[in-house]
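S.K.: Next up is a structure, given as structure tokens.
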Amino acid sequence: MSSDVHRLIAQAQAAYARCIDSDRLEEWPDFFTEKCFYTVTTADNHREGLEAGLIWADTRGMLTDRVSALREANIYERHSYRHILGQPFILPEDGDGDVDEVRSETPFLVVRIMRDGASDLFASGRYLDRYVVDGDAVLLTERVVVCDSSRIDTLLALPL
């Protein structure tokens, strides 16, 4: 894997986190292809192969709908996130010959900051991603957010 692809993935990861942390949620679906997959699950469920997730979407439209619901319909205590990302590890190719697709694994921590200023470790885990690479552009075709803990706060409103 070339260092250019690693750089592109690292930049895409940083831009993704910055988008969420800056409350620019309307831009969040733009990190994904039209036909995509996004889910948030626990390490235990992922290890067991259980497909149901706490959040589940299989199109960019579903991601856009989630943002609309967050902005207009859902009621939750206002808060923000701060993502701390590790370096993406580029995973070996599956051998299917699709050189335009890259898989990666990236560890993360997410701190939640409440309106009153209280901060706590909200989530830790890893992103299991599949990117499509087109020149200098990379888009997520799949993001499986695997949280380390099986205790997920019910205030999982914003995307991770």
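S.K.: Pull out all pairs, ordered by first then second residue, where Cβ-Cβ is under 8 Å, the residues are six or more apart or on different chains, the first lies in region 51-76 and is closer than 27 Å to SER149 by Cα, and the second is among the small types (Gly, Ala, Ser).
M.R.: Every condition considered, the pairs that remain are LEU63/ALA57; ARG66/ALA57; LEU70/ALA157; ASN74/ALA157; TYR76/ALA157.
S.K.: Another question, then. Select from region 101-134 the residues that are within 18 Å of GLU34 (Cβ to Cβ) and without any contact (Cβ under 8 Å) to a residue 40 or more places away in the chain and write down the one among them that is surrounded by the most Cβ atoms within 10 Å (Cβ to Cβ). Let's see the steps before the verdict.
M.R.: The initial filter retains those residues of region 101-134 that are within 18 Å of GLU34 (Cβ to Cβ), namely 101, 129-134.
If we keep only those that are without any contact (Cβ under 8 Å) to a residue 40 or more places away in the chain as well, we get 130, 134.
Working: ARG130: 20, ASP134: 9.
Here the residue is ARG130.
S.K.: Please work out if ASP4 is touching a residue at least 12 places away in the same chain (Cβ under 8 Å), of a type outside the set (Val, Ile, Thr) and surrounded by fewer than 16 Cβ atoms within 10 Å (Cβ to Cβ). Walk me through how you get there before you give the answer.
M.R.: Numbers: touching a residue at least 12 places away in the same chain (Cβ under 8 Å): no; of a type outside the set (Val, Ile, Thr): yes; surrounded by fewer than 16 Cβ atoms within 10 Å (Cβ to Cβ): yes.
Taking the combined requirement at face value, the residue does not satisfy it.
S.K.: Follow-up. In region 53-81, what residues are of a type in the set (S, T, N, Q), surrounded by 15 or more Cβ atoms within 10 Å (Cβ to Cβ) and farther than 27 Å from ALA118 by Cβ?
M.R.: Applying the first criterion (of a type in the set (S, T, N, Q)) to region 53-81 yields 59, 64, 68, 74, 80.
Okay, now just the ones that are also surrounded by 15 or more Cβ atoms within 10 Å (Cβ to Cβ), so 59, 64, 80.
Of everything in region 53-81, those that are of a type in the set (S, T, N, Q), surrounded by 15 or more Cβ atoms within 10 Å (Cβ to Cβ) and farther than 27 Å from ALA118 by Cβ turn out to be THR59, THR64.
S.K.: Among the residues that make up region 42-55, is at least one of them at pLDDT 95 or above and of a type outside the set (A, V, I, L, M)? Lay out the reasoning, then the answer.
M.R.: Within region 42-55, the subset at pLDDT 95 or above is none.
Checked region 42-55: no residue is at pLDDT 95 or above and of a type outside the set (A, V, I, L, M).
S.K.: Sticking with this one: Identify all residues within region 11-31 that are assigned to a helix (DSSP H, G or I) and surrounded by fewer than 16 Cβ atoms within 10 Å (Cβ to Cβ); write none if there are none. Can you show your working first?
M.R.: Step one: list which residues in region 11-31 are assigned to a helix (DSSP H, G or I), which gives 11-21, 25-31.
Those that are assigned to a helix (DSSP H, G or I) and surrounded by fewer than 16 Cβ atoms within 10 Å (Cβ to Cβ): GLN11, ALA14, ALA15, ARG18, GLU26, GLU27, ASP30.
S.K.: Quick check on region 124-142. Is at least one of its residues touching a Ser or Thr at 6+ places or on another chain (Cβ under 9 Å), closer than 17 Å to ALA17 by Cα, of a type in the set (Gly, Ala, Ser) and in a strand (DSSP E or B)?
M.R.: Yes: one or more hits.
S.K.: May I pose another question? Of the conditions (1) crowded, with 18+ Cβ neighbours inside 10 Å; (2) part of a strand (DSSP E or B), GLU34 satisfies every one except a single condition; which number is it?
M.R.: Here GLU34 clears every test but (1).
S.K.: Please enumerate the residues belonging to region 1-12 that are at pLDDT 95 or above and either under 24 Å from ALA69 (Cα atoms) or among the small types (Gly, Ala, Ser) (or both).
M.R.: Once the filter is applied, which keeps residues that are at pLDDT 95 or above and either under 24 Å from ALA69 (Cα atoms) or among the small types (Gly, Ala, Ser) (or both), region 1-12 yields ALA10, ALA12.
S.K.: Quick one: in region 58-111, of everything that is of a type in the set (A, V, I, L, M) and at pLDDT below 85, which residue is nearest to GLY125 (Cα to Cα)? Can you show your working first?
M.R.: So in region 58-111, the residues of a type in the set (A, V, I, L, M) come out as 62-63, 67, 69-70, 73, 75, 84-85, 90-91, 99, 102, 109-111.
Subsequent filtering for residues that are at pLDDT below 85 retains 70, 73, 75, 99.
Details: LEU70: 23, ALA73: 28, ILE75: 26, VAL99: 27 Å.
Restricting to residues being of a type in the set (A, V, I, L, M) and at pLDDT below 85, the top hit is LEU70.
S.K.: Can you tell me how many residues in region 112-130 are at pLDDT 95 or above and of a type in the set (Lys, Arg)?
M.R.: Number satisfying all stated conditions: 2.
S.K.: Just to be sure I understand, how many residues within region 15-61 are closer than 22 Å to ALA137 by Cβ and aliphatic (A, V, I, L, M)?
M.R.: Residues in region 15-61 being closer than 22 Å to ALA137 by Cβ and aliphatic (A, V, I, L, M): 5 in total.
The values are calculated or read from the model by the stated rules, or taken from the named source; none is laboratory data. Note that the structure is a prediction, hence the values are computed from the model and not measured. Backbone-built Cβ (ideal geometry, glycine too); neighbour counts: all protein chains shown.
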